[in-house]
Amino acid sequence: MCRIEGKKSELEDREEGKKIMGFKAVALGDNRVEKLKSSMMSRSRMKLWMIRATTSILLWTCVVQLMTLGETWGPRVLKGWPSCFSQESAASFVVNSAPEVPARVLPPKRVYKNNGYLMVSCNGGLNQMRSAICDMVTIARYLNVTLIVPELDKTSFWADPSEFQDIFDVDHFISSLRDEVRILRELPPRLKRRVELGMIYTMPPISWSDISYYHNQILPLIRKYKVVHLNRTDARLANNGQPMEIQKLRCRVNFSALKFTPQIEELGRKVVRLLRQKGPFMVLHLRYEMDMLAFSGCSQGCNKDEIDELTRMRYAYPWWKEKIINSDLKRRDGLCPLTPEETALTLRALDIDPSIQVYIAAGEIYGGKRRMASLTAAYPNLVRKETLLEPSDLMFFQNHSSQMAALDYLVSLESDIFVPTYDGNMAKVVEGHRRYLGYRKTILLDRKLLVDLIDQHNAGSLTWDEFSNSVKEAHAERMGNPTKRLVIPDRPKEEDYFYSNPWECLEPSNEDETLSSSI
């Protein structure tokens, strides 16, 4: 009995143990399921959180990118989503943004049968090239050809590597003249390859020719060769006797189409602003640089070493044809630039205020401080762009003489008085531009008379008062007043230069006065 009972209880214990183990297994299985479920839920939540975080980052990135597009584009884009902003926030964007610049209205393209392509290479300094560009645009227009943006001189004394687009606003140049002539930056590919292979007709046009020369001589060549290259393009169109539309187009190119680059224009405004802050100013185009003296053979006031240096330089340039020059004779004929000493006497004789700011529009004066001493003593407020501006302002203009000359040109236009000491290209073109802007005061010095009066005064035969009165009397009508150009048939080089007095382009209110007067 006892054994049976014992076995029975043992069996019962085993069965109970199995039941307990079964319950534990079921419980353990349930726990694993629960853990798996919670793990999956955690992963889902993590993924959801990551998606939300990524979306938020992307949205913020978009917003930041939109805001960094600047005042011009940002507000425009944001204005396209009015539901995202209240009226107050939208208004704040409008107030804070810069006013939109109205779209520029371009003149309609002129439609004409293209007779071919004209390439031009300008020679000389900035203003010599400037007038040549005006002539070549006008010639291209009246030959019905396509003009390629002119090539600038890089081989002259100044060796300036600047391209057209480094000095002038090329986009404005092309677009502003589209109603007159088609202008391209470069030849079409097929013709460009021909030019690169040397298959091009090149020639210098005849100086001081009228438009009929280009119709009769140049146009047939363009039709034959498709591309003609004109080099040495200075002074190639006559001053006088041209149709009125020819003259007016030359002016339009000069005074409207040929704008300097925005960088040059802005720096010019800065210089004028700095000068205006201290009162009126005069621009003195003191053409007493080494190249000018070597070229002209003028050596008044120079010592023997300087004269020898200038002579060597003149012989070093083959295209400066005149080699043996009598400096004294040339000076007496009024063909030399005034020296700094002669200039000081002249300005004092004209009663120019000694306290006025005198901006020197020139390169390095030959002889330096020694030659400038008398001018500095008479007019102590001498300034230059190098003294007005920081070196960083002129950093990109260094070794680019045409860009520096462009800066002087802009300042010269805005001065209260402009005085050139020599009638070179800059003096002539600035004179004409100042006439166009309303006959701004330009003192045109009679050098032949002046050197004679100066020599008499230095010799003691003229008192200061006599000298001063004579100078003022001689220049009373040489202040850039309205006048008609001097015409000398068969001697165009001795005529008044078109670009120094473009009377055909003046306002109607001034034109009647101009036509009624003469030199």
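Residues in region 383-398 that are in contact (Cβ under 8 Å) with a residue 60 or more places away in the chain and not in a helix (DSSP H, G or I): Val383, Leu389.
So, of the residues in region 173-205 that are of a type in the set (Ser, Thr, Tyr) and closer than 24 Å to Arg250 by Cα, which turns out to be surrounded by the most Cβ atoms within 10 Å (Cβ to Cβ)? Out of the qualifying residues, it is Ser176. Considering the conditions (1) assigned to a helix (DSSP H, G or I); (2) within 26 Å of Thr387 (Cα to Cα); (3) open to solvent by 30 Å² or more (accessible area, probe 1.4 Å); (4) out of contact with any helix residue (DSSP H, G or I) (no Cβ under 9 Å at 6 or more places or on another chain), Met292 is excluded by exactly one of them, (3).
Taken residue by residue, region 221-239 has no member that is under 30 Å from Gln403 (Cβ atoms) and of a type in the set (Phe, Trp, Tyr).
The condition of being of a type in the set (Lys, Arg) and either at pLDDT below 95 or within 25 Å of Cys298 (Cα to Cα) (or both) does not hold for Lys472. Filtered by the rule that a residue be part of a strand (DSSP E or B) and not acidic (Asp, Glu), region 141-190 gives Thr146, Leu147, Ile148, Phe168, Ile183, Leu184. Checked against the criterion of being free of Cβ contacts under 8 Å to residues at least 12 places away in the same chain and among the acidic types (Asp, Glu), the candidates Asp333, Asp305, Asp291 yield just one match: Asp305. Among the residues of region 380-399, some residue qualifies, meaning at least one is aromatic (Phe, Trp, Tyr) and open to solvent by 40 Å² or more (accessible area, probe 1.4 Å). Among the residues making up region 330-374, those that are touching a Ser or Thr at 6+ places or on another chain (Cβ under 8 Å), part of a loop (DSSP other than H, G, I, E, B) and open to solvent by less than 20 Å² (accessible area, probe 1.4 Å) are Cys336, Pro337, Leu338, Ala361.
The values are calculated or read from the model by the stated rules, or taken from the named source; none is laboratory data. Since this is a predicted model, take the numbers as computed values, not measurements. Every residue, glycine as well, gets a Cβ built from its backbone with ideal geometry; the counts of neighbours run over all protein chains shown. Just the protein is used for accessible areas: all its heavy atoms, side chains included, with ligands, DNA and RNA removed. Shrake-Rupley method; radii C 1.70, N 1.55, O 1.52, S 1.80 Å.
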